[in-house]
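Below is one structure, written out as structure tokens; the observations come after it.
Since every read-out is calculated from the coordinates, none of them should be taken as a lab result. Every value quoted in this text rests on a predicted model; they were computed, and no experiment measured them. Neighbour counts run over all protein chains shown; Cβ positions are idealised from the backbone, glycine included.
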Amino acid sequence: MSGPNASERPAGEATSASAKPGPALAGGQAGVPANAPVSAPSDASFHRPATAATSNPPTATEAVIELADVRKVYRQILAPAARPGGFARLFGRKPRANAPSLPQSPDPNTPPPLEAPGGGGVEVLTGIDLTIRAGEFVALQGTSGSGKSTLLHLLGLLDTPTSGTYRLLGRDVSGLSDEEASALRGSALGFVFQSFYLVPYATALENVMLPGLYTDRPEAELRQRARALLAQVGLADRMDFKPANLSGGQQQRVAMARALLNAPRVILADEPTGQLDSATSAEIMRLFASVNAGGTTIVLVTHDEQVAARAQRIIRIVDGRIVDDAAAGPTPAPGRDKTKP
Ligand SMILES: Nc1ncnc2c1ncn2[C@@H]1O[C@H](COP(=O)(O)OP(=O)(O)O)[C@@H](O)[C@H]1O
Ligand SMILES: [Mg+2]
């Protein structure tokens with residue numbers, strides 16, 4: 001399969017030898033602080049919206065993501081540079097006046113979209129029904145091209161479904177303006193990607209502060225919180241390093257700290273370990289488990305069995321359809337959650 005995910009390895013290549021879903025951040029991991037779980041530092045001004053103060057994690061029954069018969073048909077083939085994503089879309093629309101200039105998206109040289117072959121478009125999600133509850137750690141697993149990234153883009157309000165309904169935090173998001181979607185995305189969601197997407201000319205600390213530059217929070221406060229988060233992900237001694245001087249695993253830790261800056265309810269991660277060796281990948285997955293133990297819901301896309309096994313629930317996607325949804329771990333309970341509303 002070629003395309004944007006050409007670097008993916010086929011599912012099943014990874015062995016399951018060390019796929020042990022263990023306790024979150026059980027100390028002793030190199031570079032990872034033992035004082036788990038990772039969650040918002042106790043800074044009153046960064047508390048989540050009223051429904052979910054950090055000191056009072058949401059109940060396990062509250063639905064944060066509800067999809068009903070969601071379909072996605074691509075009617076145009078977009079060049080990669082014009083695809084959903086980009087810093088402005090991720091964090092907000094209007095950086096404040098003194099914000100650093102950010103990479104532009106889409107690229108002004110992007111070729112115009114082509115009509116999809118056949119005129120009718122390519123249906124990549126074919127009727128997704130899915131409920132994810134507060135505090136869950138869900139892996140979306142499927143081979144390359146199965147529609148995982150498309151689904152994650154929809155969940156992240158980076159793209160819109162062709163039909164069906166999506167409720168995020170109890171709110172129907174279908175009618176939101178671009179501006180409203182950006183605001184909701186910036187306050188409720190955090191993103192982590194395979195290629196990290198750090199700003200190369202900014203330090204680790206500045207990268208983590210980035211989502212805050214789209215809010216009204218004072219810079220000193222952002223800096224303080226970014227420092228606290230970098231310390232929590234084990235990078236207290238790398239705050240002033242630029243991405244080029246950090247390892248892949250360290251860059252992904254920076255990206256995770258950045259995703260946590262605005263104390264999101266949900267973290268959406270697309271192949272976050274796709275560029276990492278297996279040991280580093282295991283470290284990053286422990287960090288995700290730790291973040292989840294702090295009360296943040298996690299939806300993590302992977303084609304890798306071993307990575308998926310670190311989650312609590314694994315949803316398998318084939319050709320844009322959910323074919324399996326079950327608890328993860330060595331003794332899965334088949335069918336769990338399938339019948340839940
Ligand atoms: N912008 C787009 N335009 C047309 N087709 C697309 C676009 N993005 C993805 N696709 C197609 O949708 C399918 C699913 O892609 P994707 O969601 O990226 O899969 P995955 O993340 O599981 O590898 C693929 O066949 C891909 O070619
Ligand atoms: Mg993908």
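Calculate how large, on average over all directions, the projected area of the Cα convex hull of segment 139-244 is; give the answer in nm² to one decimal.
8.9
Convert each backbone phi in segment 232-249 into a coupling constant with the Karplus relation 6.51 cos²θ - 1.76 cosθ + 1.60 (shift: θ = phi - 60°), then list the ³J(HN,Hα) values in order as whole Hz, x for Gly and Pro.
5, 8, x, 10, 4, 9, 10, 4, 9, 7, 8, x, 4, 9, 10, 6, x, x
How many percent of Cα pairs in segment 192-341 exceed 23 Å?
39
For segment 240-300, what value does the Rg/Rh ratio take when both radii are computed over Cα atoms and Rh is the Kirkwood radius, given to two decimals?
0.96
Under the Karplus relation 6.51 cos²θ - 1.76 cosθ + 1.60, θ = phi - 60°, what is the ordered set of whole-Hz ³J(HN,Hα) values for segment 123-136, x standing for Gly and Pro?
My calculation for segment 123-136 gives 7, 9, 10, 10, x, 9, 10, 7, 10, 10, 9, 3, x, 6 Hz in order.
Sort 208-216, 303-311 by packing, meaning the average of other beta carbons within 10 Å per residue, with the highest value first.
Descending mean neighbour count gives 303-311, 208-216.
Using amide H atoms built in the peptide plane, which far-off residues or other-chain residues are under 5 Å from Arg265 H to H?
Amide H neighbours of Arg265: Leu189.
Tell me, what HN-Hα J-couplings in whole Hz come from the Karplus equation 6.51 cos²θ - 1.76 cosθ + 1.60 at θ = phi - 60° for each residue of segment 163-175, using x for Gly and Pro?
Couplings: 7, x, 10, 10, 10, 10, 6, x, 10, 5, 9, 5, x Hz.
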